[in-house]
Amino acid sequence: MNYTFHWRPAFRALPEMLAGSLVTLQIAVLSMVIGIAIAVLLAVMTGSKSRWLRGIAGTWIEVARNTPALFQIYIAYFGLGQIGIHLDSYLALLAGITFNNAGYLAETFRGGLRAVPQTQVRAARSLGFGPIAAFRLIVLPQLFRAVFHPMTNQMVWAILMTSLGVVVGVNTDLTGVTQELNVRTFRTFEYFAIAAVLYYLIAKVVTLGARLIAWRLFRY
Amino acid sequence: MIEIENVRKSFGQLEVLKGVSLAVDRGEVVSVIGGSGSGKSTLLMCINGLEPIDSGRILVDGVEVHARSTDLNKLRRKIGIVFQQWNAFPHLTVLENTTLALRKVLGKSRAEADAIAIKQLEHVGLQDKLKVFPGKLSGGQQQRMAIARALAMSPSYMLFDEVTSALDPQLVGEVLDTMRLLADEGMTMIVVTHEMGFAREVSNRVAFFKDGLIHEIGTPKQIFEQPQRPETAEFLGSVL
Ligand SMILES: Nc1ncnc2c1ncn2[C@@H]1O[C@H](COP(=O)(O)OP(=O)(O)O)[C@@H](O)[C@H]1O
Ligand SMILES: [Mg+2]
């Protein structure tokens, strides 16, 4: 085996890879925003009186949490194609990660709601707050704190999951761009090492940003 | 005046209040004593409409609490209630805990709300804890804060539900002193309590509660010295 490192051409590809990083971040952010919305719905559904709604939410959460993310993305691409829903690679990746996020976050939100005792609502109502004001002013801030760190973790996880898009042909995100460069030049190690550093930096920035927000927001 | 007339209430199969009647006049302090599970907390929650009732009625200053037309959020402003525990909002400072309802329910300005809250917090001896979060307070301080928070709404009535039961013994006194102060100032109070000394010294009347019914009611002297019902005597024998 003799492989000599050529970093110079690899570094020349940096602008291309940074553009890919932006796409990666975009998919992660979108998958979180949509995932959070669905997760709230799922969390509410798990407490529903309807067996159907509970069943759907329960199945979603179970599957999302107990099958590989790779399969979830695969199914969004090939599986949905079988039943006539054709998503392009980008949308399939987004759908797969969103599915995964929603399942994990639904469980997070359920736990968060349980962490805010019903007695807090009672105390608020007894002061003359209506149900909506009691939720907004008393429950929500406590709930937000309880779910903030798990949400940050899921965001980092979503960033890393975007790399799986390469299996359904996504070629614009960081991994996709890297893979194309690799195929063109066979400088495998250099490109993937740079990509790894970029992933690390993105994840770090997100975690540090979250820590800063938490420090500003949670005073107790 | 609070008028409770033949109130019944069940949780599913379990009938918790079995026809309770009680009238509390302005300025009166009524202590409610009795074993746990007898329905005392449920009764207090019915008085400010936190729990619905099955039959009978409750009037507060002539307004029927459980009537459809009653604005409960408005009615609750004149009834302060302090629970056994978990009263404090942990994400708000002592001052914010006390001003929140003043600002968001009564619509007072921040300056106005602060002034009222600080006055009430001084009243209960928490003036140097304004910026502290409840997590940093002792249980006794948390309960005094809850009392100040309720008082800040200038209620006509105060309901206390075993507010010292969850406290370490050495913290009970400071909370009872605060309540005693209120009673001396003429506040109308219904006090569910296990503190027989307090019930005896501070109340105008004492009601003995058992199995969802008031078995006996009278002056502290009557209840503690000459109970008429064997159940009352038996209960007092077990706690004194
Ligand atoms: N929300 C509820 N749902 C069902 N049962 C309840 C509820 N609240 C109280 N109970 C039951 O009602 C009875 C009276 O409770 P409570 O009013 O708390 O009694 P006390 O305050 O005298 O100890 C108890 O048996 C209790 O288990
Ligand atoms: Mg009780």
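The values are calculated or read from the model by the stated rules, or taken from the named source; none is laboratory data. Just so it is clear, the structure is predicted and the values come from calculations on it, not from any experiment. Glycine also receives a Cβ, built like all others from the backbone with ideal geometry; neighbour counts cover every protein chain displayed. In case anyone asks, the SASA skips ligands and DNA or RNA and just uses the protein heavy atoms, side chains included. Shrake-Rupley method; radii C 1.70, N 1.55, O 1.52, S 1.80 Å.
Odds and ends about this structure:
- Over the C-alpha atoms of chain A, the Rg to Rh ratio, Rh being the Kirkwood estimate, stands at 1.08.
- Over chain B, DSSP H runs of length four or greater, each weighted -39,500 (n - 2.57), average out per residue to a 222 nm ellipticity of -11000 deg cm²/dmol.
- Along the range A:153-160 the Karplus relation, 6.51 cos²θ - 1.76 cosθ + 1.60 evaluated at θ = phi - 60°, assigns HN-Hα couplings of 4, 5, 4, 4, 4, 5, 4, 5 Hz to successive residues, with x for each Gly and Pro.
- Around B:D71: net Lys/Arg minus Asp/Glu count, Cβ-Cβ under 14 Å: +4
- Threshold 30 Å², the range A:114-143 residues less accessible with all protein chains present than alone (1.4 Å probe): A:T119, A:Q120, A:R122, A:A123, A:R125, A:S126, A:L127, A:G128, A:F129, A:L137, A:I138, A:Q142
- Computed with a 1.4 Å probe on the full set of protein chains, the accessible area for B:E64 sits at about 70 Å².
- Computed from protein heavy atoms with a 1.4 Å probe, the total accessible area buried between B and A is close to 1900 Å².
- Cross-link partners for B:K131 among the aspartates and glutamates, with Cα-Cα distance under 16 Å and sequence neighbours closer than 8 places in the same chain left out: B:E96, B:D114, B:E122.
- Considering only alpha-carbon pairs that sit under 8 angstrom and 6 or more positions apart, the relative contact order computed for the range B:9-130 is 14 percent.
- Under the Karplus curve 6.51 cos²θ - 1.76 cosθ + 1.60, θ = phi - 60°, whole-Hz ³J(HN,Hα) for the range B:66-72, x wherever Gly or Pro sits: 9, 6, 4, 7, 6, 7, 5
- Span per principal axis, largest first, for the Cα atoms of the range A:57-144 (Å): 56, 21, 18
- Ranking B:D211, B:D128 from most to least accessible surface, computed with a 1.4 Å probe over the protein chains only, gives B:D128, B:D211.
- Angle in degrees between helix B:139-152 and the longest Cα principal axis of chain B, rounded to the nearest 10: 80 degrees
- Helix content alone sets the calculated 222 nm mean residue ellipticity of chain A: runs of n ≥ 4 DSSP H residues at -39500 (n - 2.57) each, divided across all residues, give -25000 deg cm²/dmol.
- Spacing of the two label points (7 Å from each Cα toward its C-beta) at A:L18 and B:E3, in nm: 8.0 nm
- The angle separating the long axis of helix B:94-104 from the principal Cα axis of greatest extent in chain B is about 90 degrees.
- Candidates B:G12, B:G27, B:G37, ranked by Gaussian network fluctuation over chain B, Cα under 10 Å, top entry: B:G12
- Among A:L30, A:A43, A:A13 the positive-end extreme of the charge dipole of the range A:5-123 (Cβ point charges): A:A43
- Protein heavy-atom surface of chain A, 1.4 angstrom probe: 69% of the accessible area is carbon and sulfur, with nucleic acids and ligands not counted.
- Computed over chain B, the ratio Rg/Rh where both radii use C-alpha atoms and Rh is Kirkwood: 0.97
- Å² of accessible area per residue within chain B, as computed with a 1.4 Å probe and no ligands counted: 43 Å²
- Centre-to-centre, using Cα atoms only, the range A:64-108 and the range B:1-57 are separated by 54 Å.
- Rounded if a/c under 1.5, otherwise prolate or oblate - the range A:108-220, Cα gyration tensor axes: prolate
- The amide H of B:F89, built 1.01 Å from its N in the peptide plane, has no neighbour under 5 Å, considering only residues 5 or more places off or on other chains.
- Annotation: lysines with alpha-carbon distance below 27 angstrom to B:K9 (same-chain offsets under eight excluded): A:K49, B:K18, B:K40, B:K74, B:K78, B:K210.
- Summary value for the range B:123-240: 18 percent relative contact order, contacts being C-alpha pairs under 8 angstrom separated by 6+ residues.
- Amide proton proximity set for A:R187, modelled H, under 5 Å, gap of 5+: none
- Chain A: angle of helix A:174-185 to the longest principal axis, Cα-based, in degrees nearest 10: 10 degrees
- In summary, the aspartates and glutamates within cross-link reach of A:K204, defined as a Cα separation below 20 angstrom excluding same-chain residues under 8 places away, comprise A:D173.
- Sorted largest first, the principal axis extents computed over the alpha-carbon atoms of the range B:158-240 equal 34, 28, 23 Å.
- Using the Karplus relation 6.51 cos²θ - 1.76 cosθ + 1.60 with θ = phi - 60°, the per-residue 3J(HN,Hα) values for the range B:77-85 come to 5, 9, 10, x, 9, 10, 8, 4, 7 Hz, with x marking Gly and Pro.
- Taking amide H positions as modeled 1.01 Å from N, with prolines and chain starts lacking one, the residues under 5 Å from B:G56 and 5 or more places away or on another chain are B:R8.
- Shape summary of the protein assembly as shown, radius of gyration then Dmax from alpha carbon positions: 30.5, 103 Å.
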